[in-house]
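The values are calculated or read from the model by the stated rules, or taken from the named source; none is laboratory data. Just so you know, these numbers come straight off a predicted model, no measurement behind them. We place every Cβ from the backbone using ideal geometry, glycine too, and count neighbours over all the protein chains shown. Please note that ligands, DNA and RNA were not included when accessible areas were found on the heavy atoms of the full protein model with its side chains. Shrake-Rupley method; radii C 1.70, N 1.55, O 1.52, S 1.80 Å.
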Amino acid sequence: MSERVGAAASGLGRPAVDAGRRGEPPPSAPHERADQPAEAAAVAGPAPPRSLPRRRPVRATGRLWGIRTPVPRGARWTLMALSVTVPLVGWQVLSIVIDGRPDYLPGPVDAVSAGVEMARSGQLLTDAWATVARVLQGFGLAVLVSVPLGILMGSFPAGQALLEPLVGLLRYLPASAFIPLLIIWLGLGEPSKVALLFLAAFFFNTLMTADAVRQVPLSLVDVSYTLGARRGEVLRKVIVPYALPGMIDSIRVNAAASWSFVVVAELIASESGLGYRIVRAQRFNQIDRIFAVLVVIALIGLTIDLLLRLTRDRVGRWV
Amino acid sequence: MLELASLGKEFPRRGGPVKALEGVDLSVPDGQFVCVVGASGSGKSTLLSLVAGLARPTTGEVRLDGVPVTGPGPDRGLVFQQGAVYPWRTVERNVAFGLELLPLPRAERERRVAWYLAETGLTALRHALPKQLSGGQRQRVAIARALACEPEVLLLDEPFGALDVQTKEDMQLLIRRVWQDTGTTVLMVTHDVEEAVFLGQRVVVLASDPGRVAADLPVNLPAERELSVKRLPDFLAMRAQVEDLVRTYHRRHQEKQPV
């Protein structure tokens, strides 16, 4: 009883406020106050203040730009199409407008025809494979090492205490700052590139895997012990399956980083790969070829992302 | 026989340890259904995690059939308030979890899982994932999963606390039936006095700060409990008695809280 009086008195009870506006006392208040006069009087003064201006009701749904409101299908497809075509058309128009120097800015049509020419000679495929192979080795190695370490860090506070200070510090050293060292130690060949890709993904993937593992509710671990599971079984049968979608998410994010680092590595020193092809084209001022390679880099990156996203959705169907 | 002997638990805090439980003595004969009620701060959940072996007591010990409890195990099945079911496993694979850890032939395991699914009314849902289940269904999965390990004692930590009133009553009838069918000992912690009196053969009231046994009351109600039992004068009287006790300790606890 006294709770309701309290709510009305503090202005939270909407009906009471409305009644008050019409100049009537709140319907139930008088006799409740009579029940417990001391308590009611203690809550607030004689009457709650009632003079708040009312704002016009907001239209939260049924508009295209409503916050977190679904968009009709047709509108969605239109927006997605615009997102691709507007920049593409803009690029083509710009390339026509800026025609002062020949080949200064080739348009998308020029880039595609240069790409087709490079693909015909088989050069593009060789370069693309060289680059992909480096990512598979360097990033693959990083995943192989960082996932077990991340599970160790996320599952055991002791593991976290042991590894977090070091890993947390090292991740702030940009991988690209290691390039000179790697070249001195490992030379200009493949090992230095694989090592760079490893460094670029290893620290972040370890920390992000540990984070995914820490999302496992403690109650799930506890209940597993009461069902007879041993520590190793809890890791294999509870922690890993629960954290798997999160671990794949982490791999996806870091795969994108690796994909840009491999091109950086190839720009600096290499004899094959998409980055190398860009440097070659620059030397001969073949700007259309640079654009062709950029498009290929984007498409392969998108494919990697898509594959990992599909894997994640398949593995995480239960989420 | 489950025995709690001068059980105490302290948690280290800045400014000195806080006593969650002190000198709790309680023995539960095999097959008994005991409900522990208490206000917040009475250490109800601490009590259960000590029996489960998930925490170590500061003083005293828990014994099951005379053997001191040193860690968690399938002889003491546990059901949490929020189910804690494995979200990536189907209903039947959740129930099978404990059995998969044992050297059981597949057919035997499936036979057992099928029995507990039927017992808890989950047979039709056996291929469903937890995200497709309601809160009550998820709790049934957790109960079936614990029972499938054939525990000596089933520990229930506010298992129906997050359910709506109607589902809660269904679950109360279900747990009574399952208890009668399996003959397992049940130790249930709840803050819902009505639930405690309706379900238990015995109601243990905990006092707060530190948690200790304030009263240990037998419930004199028919063994076959329909929901209509909740309207019997005996039931109402017992409920009122326990409510008064819990309320007293709740008030004292509130007064001690720093504002």
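Miscellaneous remarks
- Residues within region A:240-284 that are over 12 Å from A:Thr131 (Cβ atoms) and either in contact with a Cys (Cβ under 9 Å, 6 or more places away or on another chain) or among the β-branched types (Val, Ile, Thr) (or both), tallied: 6
- Residue in region B:23-42 that is part of a loop (DSSP other than H, G, I, E, B) and touching a helix residue (DSSP H, G or I) at 6+ places or on another chain (Cβ under 6 Å) present: yes
- Identity of the residue in region B:59-77, in a loop (DSSP other than H, G, I, E, B) and not small (Gly, Ala, Ser), that ends up farthest from the other protein chains (Cβ to nearest Cβ): B:Asp65
- Restricting region A:203-226 to residues that are among the hydrophobic types (A, V, I, L, M, F, W, C) and open to solvent by 10 Å² or more (accessible area, probe 1.4 Å) leaves a set whose member that is nearest to B:Glu152 (Cα to Cα) is A:Val221.
- Flag if B:Pro103 is surrounded by fewer than 22 Cβ atoms within 10 Å (Cβ to Cβ) and either within 21 Å of A:Val319 (Cβ to Cβ) or facing chain A (nearest Cβ under 9 Å) (or both): no
- Members of region B:214-236 that are within 18 Å of B:Val34 (Cβ to Cβ) and either of a type in the set (Asp, Glu) or touching a Lys or Arg at 6+ places or on another chain (Cβ under 8 Å) (or both): B:Asp216, B:Leu217, B:Pro218, B:Val219, B:Arg225
- Filtered by the rule that a residue be over 17 Å from A:Leu220 (Cα atoms), open to solvent by 10 Å² or more (accessible area, probe 1.4 Å) and not aliphatic (A, V, I, L, M), region B:120-136 gives B:Gly121, B:Thr123, B:Arg126, B:His127, B:Gln132, B:Ser134.
- Helices (runs of 4 or more DSSP H) within region A:153-234 that include 3 or more residues away from chain B (no Cβ under 14 Å) and among the aromatic types (Phe, Trp, Tyr): A:190-214
- Exactly one residue out of B:Leu163, B:Leu147, B:Leu117 is in a helix (DSSP H, G or I) and either more than 17 Å from B:Pro74 (Cβ to Cβ) or away from every other protein chain (no Cβ under 13 Å) (or both), and it is B:Leu117.
- So B:Arg56, is it within 14 Å of chain A (Cβ to nearest Cβ) and surrounded by fewer than 15 Cβ atoms within 10 Å (Cβ to Cβ): yes
- Taken over region A:132-152, the criterion of being surrounded by fewer than 21 Cβ atoms within 10 Å (Cβ to Cβ) and either of a type in the set (S, T, N, Q) or not in a helix (DSSP H, G or I) (or both) is satisfied by A:Gln137 alone.
- Qualifying residue in region A:106-121 (condition: among the β-branched types (Val, Ile, Thr) and surrounded by 17 or more Cβ atoms within 10 Å (Cβ to Cβ)): no
- Condition met for B:Ser27 (farther than 26 Å from B:Asp164 by Cβ and open to solvent by 10 Å² or more (accessible area, probe 1.4 Å)): yes
- Search result, residues across region A:265-297 that are among the charged types (D, E, K, R) and outside any helix (DSSP H, G or I): A:Glu271
- Residue check, A:Val194 under 24 Å from the mean Cα position of the chain (by Cα) and in contact (Cβ under 8 Å) with a residue 60 or more places away in the chain: no
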